[in-house]
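Derivation of every value follows stated rules applied to the coordinates shown; laboratory data play no part. Everything quoted here is computed from the prediction, not taken from an experiment. Cβ placement follows ideal geometry from the backbone for every residue including glycine, while neighbour counts extend to all protein chains displayed.
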Number of protein chains: 2
Amino acid sequence: MAKLKLTYFDFHGGRGEVARIALSLGDVPFEDDRIPFAEWPRRKPATPFHALPVLEVNGLRVTQSNAINRYAGKLADLYPSDPLQALICDEVMDAVEDVTVKTVATFSIENEEEKKAARKALVDGPLRLYLQRLEERLVQQGGEWFAGGRISVADLKVFAWVGHLKYGKLDHVPVDLPDRVAPKLAVHLDRVRDHPGVKAYYAKHGATP
Amino acid sequence: MAKLKLTYFDFHGGRGEVARIALSLGDVPFEDDRIPFAEWPRRKPATPFHALPVLEVNGLRVTQSNAINRYAGKLADLYPSDPLQALICDEVMDAVEDVTVKTVATFSIENEEEKKAARKALVDGPLRLYLQRLEERLVQQGGEWFAGGRISVADLKVFAWVGHLKYGKLDHVPVDLPDRVAPKLAVHLDRVRDHPGVKAYYAKHGATP
């Protein structure tokens, strides 16, 4: 078994949380290196692309969150072996990353009126569209899990994203947006949260998902 | 064999080119649906995420370029089966996508002075950093190919990106940037271009890579 070290920020959410949950679900041992935000400016220049997460595999540093999620998913038996189901798992993860990038682009807007307008455009445009399309994909895949007929890293990725929309307190993004636009994703959020492995992960860390 | 239809814009480059080359290299039959730019506004609303490429697999529409590249890579034997090599292949493809998103963000800047400043920041920041890091990865992987010791979709992805930097005529981005910052990636570009399957692809389409 490879020696793994996963470095990410010290909070439950964001781009590193999916791999942490996946490895925990699969009982795959890893060093859970959590960086306090205050330490980030000092450590940032030493990361390959000035970003987290970073996974070390036997000392080899690898980046890119969905690449890491996929690798963690394979180790934890949370990634489909069938190529078409793997394609759909990948599509879902990349779609969430896509809309996350669009969302993060509004974080740095300082003018409050501009930010409000940008967030409204986000809600009426990408957030609504991606919620709807991902709900359609879930339904087309049977309604319970996104790929392979059982829980996979795609479910964890959507779970983290929809959870952020509902509980992340994004200014000017109504917290009931998932419930209104994609109610089956809101139910899916509960399904993932109630998965025994996911519950055990949050219980272990004394956190609420 | 699944019936495949790949829809993308009618030019050689961008997010759809890698899967086209990969399927051609692997002699995987597919319908090569090329949309003229003039038709895009009419067809855009009917695409799942208002974006291309879209791959149809036996009529099922799937999106996200790197997810499609990975699937095409599996069908064409251009994707590593070893999980760690697959992780590195994925990292490389996602890193290129990452820097592409940062580049595309400067396309819509209308003010010429602002665009010039944004492109300069791009050259001095992400473009330089990603070129350097990807060159380091190539060297660490043996210097010839990015993953698995032979050509993969990661090589095609970097090839399309570095080719765009050198020949895409991006205003305020010096075309010799790859040669200066990451000379081994410039050599890698030639290596991929001279691959018999890649040469055959471009010869068939009467295009220069």
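Just a few scattered comments:
- Magnitude of the charge dipole, the protein assembly as shown, Cβ model with Lys/Arg +1 and Asp/Glu -1, debye to 20: 40
- Restricting attention to segment B:4-77, close to 60% of DSSP beta bridges with both partner residues there are antiparallel.
- Rounded, prolate or oblate (a/c below 1.5 giving rounded, otherwise prolate when a/b exceeds b/c) for the protein assembly as shown by Cα gyration tensor: rounded
- Put simply, when A:165-174, B:110-119, A:105-114 are sorted by average Cβ atoms within 10 angstrom per residue, most first, you get A:165-174, B:110-119, A:105-114.
- Mean per-residue shielding of peptide A:56-66 is 4, counting Cβ atoms of other chains within 10 Å of each Cβ.
- Charge dipole (Cα centre; +1 on Lys/Arg Cβ, -1 on Asp/Glu Cβ; no other charges) of chain A amounts to roughly 260 debye.
- Mean separation of Cα contacts under 8 Å, 6 or more apart, over the residue count of chain A: relative contact order %: 21
- Spatially proximal lysines relative to A:LYS5 (Cα-Cα < 25 Å; intrachain offsets below 8 disregarded): A:LYS44, A:LYS74, A:LYS157, A:LYS199, A:LYS204
- Candidate lysines - alpha carbon under 17 Å from B:LYS169, same-chain residues fewer than 8 apart omitted: B:LYS102, B:LYS115, B:LYS116, B:LYS120
- Summing Cβ point charges (Lys, Arg +1; Asp, Glu -1) relative to the Cα centre of segment A:47-138 gives a dipole of roughly 80 debye.
- Which of B:VAL139, B:VAL123, B:PHE159, positive extreme of dipole for segment B:116-160 (C-beta unit charges): B:VAL123
- Paramagnetic reach from A:ARG128 (point 7 Å along Cα→Cβ, amide N under 11 Å) across segment A:165-183: A:181
- Among beta bridges that DSSP assigns inside chain A, antiparallel share in %, nearest 5: 65
- The packing ranking, built from the mean of other Cβ atoms within 10 Å per residue, places the peptides B:149-157, A:67-75 in the order A:67-75, B:149-157, highest first.
- With respect to the axis relating copies A and B by rotation, the chain A residue whose beta carbon is closest, plus that distance in Å, is A:VAL101, 3.
- Exam field: B:MET1 pseudo-label spacings to other copies (7 Å along Cα-Cβ), nanometres: 4.2
- Residue-averaged beta-carbon neighbours from other chains (10 angstrom radius) around B:89-99: 5
- What separates the Cα centres of segment B:137-209 and segment A:126-146 is a distance of 36 Å.
- Shielding of B:168-176 by partner chains, average beta-carbon count, 10 Å: 0
- In the protein assembly as shown, the DSSP beta bridges split such that about 65 percent are antiparallel, to the nearest 5.
- Peptides ranked, highest mean first, by Cβ atoms within 10 Å: ranges B:129-137, A:41-49: B:129-137, A:41-49
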